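Report on the structure given below.
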Amino acid sequence: MELLDRFRAAIRIKTAWPSGGPGGVSTPRGDAQAEAPLNRFQDFLEEAYPRFHRAAERFRISPYSLVYRWPGSTPAGGSDGGKTGAPVLILAHYDVVPVEEDQWTLSPFDAEIRDGYVYGRGTIDMKSILIAIMEGAETLCGQGFTPREDVWFAFGGDEERTGLWGARETCQWFVRRGLRFAWTLDEGSYVCENFMPGIAEPLALLGIEEKGYLSLELSVRQRPGHASRPPKVQAAAVLARALLRIARRPFPFVLTPAVESFFSGLAEKAPKHLAPFMRHARLLRPLFFRIAASTAELVPLIRPTVAMTQLEGSAADNVLPSVVRAVINLRLLPPWTVEGALNFIKKAVGDERVEIGVYGEGNNPVPASAAQSRRAGPGWAELEQAIGAAYPGVPVLPFIMTAATDSRHYRDLAGSIFRFSPLRLPPSEIALMHGHDERISIENLHRVVQFYTSLLSSL
Ligand SMILES: [Zn+2]
């Protein structure tokens, strides 16, 4: 079997979840039908990568968690008593988001090839990466390679549904074993083209910081009744006023050290009139914020965002609702916390008739370490080298992830967290990720394999 066959076999295992509920949780744990494909995927890896499975220790923790230890040649704790030596952790997930099958040009689980692309759910997010990790390890094992330090892989089966059964339990498992990691790599930002107007050339965006995720529910109650006798003050009007107040009072601008470092790197590539503001963003803050905020792509990097996502009244046109509700989805920048953001919104609304509470599970942002913001510290050199091998000449910039990844569960276990998906994607293909006709070019697939082979060979 070749790389392409193994990759297509991985896509054909339907590890998609049924949809619904906050964070997408709808199926109970232990549901045999939902868990069978997750177990099958774990079996598949063993069949497809025999050399690696002979070299590594495997821990099948649950259908949602598969862990490997690839033993290093250095004795545990490092050759200098643990001063520099520490294991590295590579993360990935094998579940995928649901599909609307009738919307696809080619079937989402057949892994058909057309015009140099493999079509299928998970081709980008993120079976291509998981397979590339295995391909790299298998090749290196075949060459008799042994890493210097232990390399751990942790693969999750419920990342697309919050990672509570996968990543969170895997973390606890690592904690019980007393393990800590020098650094960890998870999926993340891409090698991106046309990042913003005026910057067309590709940039490798290496995520060192992650925004927090928080949904808030706003509700207003009233006595239900017939629509022919509406009350003087209606719940929907109170809710509408609350939403308007939120829209009129955006979160203040924030410049985190990670984002500052990103802009100073971007300055070299930026149009002349923007470059000085990017290079000296902190010094020229008020002006910098004003200029950056006029470019839509940059706004999520410099302030917490608020998206108004759900709105609900009564079920019929002639029935007064007993409660009207709205859900807003926030993405927080450090130093904002779930609690601080909730208070900020409550204050913006300033109306006790509106109940405001956390909807589902929120999580705080994960700031970059000080070393990461300086583009230094454990992991930087190895990642820069591997990016250079797969994408020669493409500049590497520190970046902030605006979406949540499994790696947030590992914040207390790793000195530095990196989030990077080594795929070169034009904006049109990024949009395919959770959408219809998700596909990866075969060229991209080879580059991902090259990245991981190079990265693992440097560990
Ligand atoms: Zn993903």
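Measuring against 31 Å, Cα to Cα, the residue pairs LYS211/LYS232; LYS127/LYS272; LYS211/LYS347 contain LYS211/LYS232; LYS127/LYS272 as the ones spanning a longer distance.
Expressed in nm to one decimal, what extension gain is obtained for the pair PHE145 and SER428 from 0.36 nm per residue of sequence separation less their Cα-Cα distance?
Values: separation 283, 0.36 × 283 = 101.88 nm, distance 3.85 nm.
Full-extension gain reported as 98.0 nm.
Model label sites at ARG221 and ASP412, defined 7 Å from Cα along the beta-carbon direction, differ in position by 3.6 nm.
What FRET efficiency do you get for ARG249 and HIS436 if R0 is 35 Å and r is their Cβ-Cβ distance, rounded to the nearest 0.05? My answer for the efficiency is 0.45.
Applying D = kT/(6 pi eta Rh) to segment 212-363, where Rh is the Kirkwood radius over alpha-carbon pairs, T corresponds to 10 °C and eta to 1.306 mPa s, the Stokes-Einstein value obtained is 90 µm²/s. The stretch between ARG285 and PHE59 holds 76.4 nm of extra length on full extension. This uses 0.36 nm per residue minus the Cα-Cα distance.
Looking at the chain alone, DSSP beta bridges between its own residues are antiparallel in about 65 percent of cases.
Relative contact order of the chain: 24 percent, from C-alpha pairs under 8 Å at least 6 residues apart in sequence. Residue separation of GLU297 and ALA376 scaled by 0.36 nm, minus their Cα-Cα distance, works out to 25.8 nm of gained length. Distance between the 7 Å Cα→Cβ label points at GLN103 and ALA9: 3.2 nm.
Applying 1/(1 + (r/R0)^6) with R0 = 56 Å to the Cβ-Cβ distance of SER228 and ALA32 gives a FRET efficiency near 0.60. Mean residue ellipticity, 222 nm, helices only, the chain: the sum of -39500 (n - 2.57) across DSSP H runs of n ≥ 4, divided by residue count and rounded to 500, is -9500 deg cm²/dmol. Here the 3J(HN,Hα) profile of segment 306-313, calculated from phi with Karplus coefficients 6.51, -1.76 and 1.60 at θ = phi - 60°, is 10, 10, 8, 10, 9, 8, 8, x Hz, Gly and Pro shown as x.
On the beta carbon distance between HIS446 and ASP351, with R0 = 56 Å, the FRET formula returns roughly 0.50.
Quick check: net charge around LEU284, other residues with Cβ under 15 Å of its Cβ, Lys/Arg +1 and Asp/Glu -1?
Local charge sum for LEU284: +3.
For the peptides 247-256, 48-57, the ranking by packing is 48-57, 247-256, with the highest mean count of neighbouring Cβ atoms within 10 Å listed first. Of ILE129, ILE246, ILE208, the sequence from fewest to most neighbouring Cβ atoms within 10 angstrom is ILE246, ILE129, ILE208.
For segment 212-363, the relative contact order comes to 45 percent (Cα pairs under 8 Å, sequence separation of at least 6).
We did not get these values from a lab; they are worked out from the coordinates using the rules stated. Predicted model, so just to flag it, every value in this text is computed and none were measured. Cβ sites come from the backbone with ideal geometry, for glycine too, and all protein chains shown count toward neighbours.
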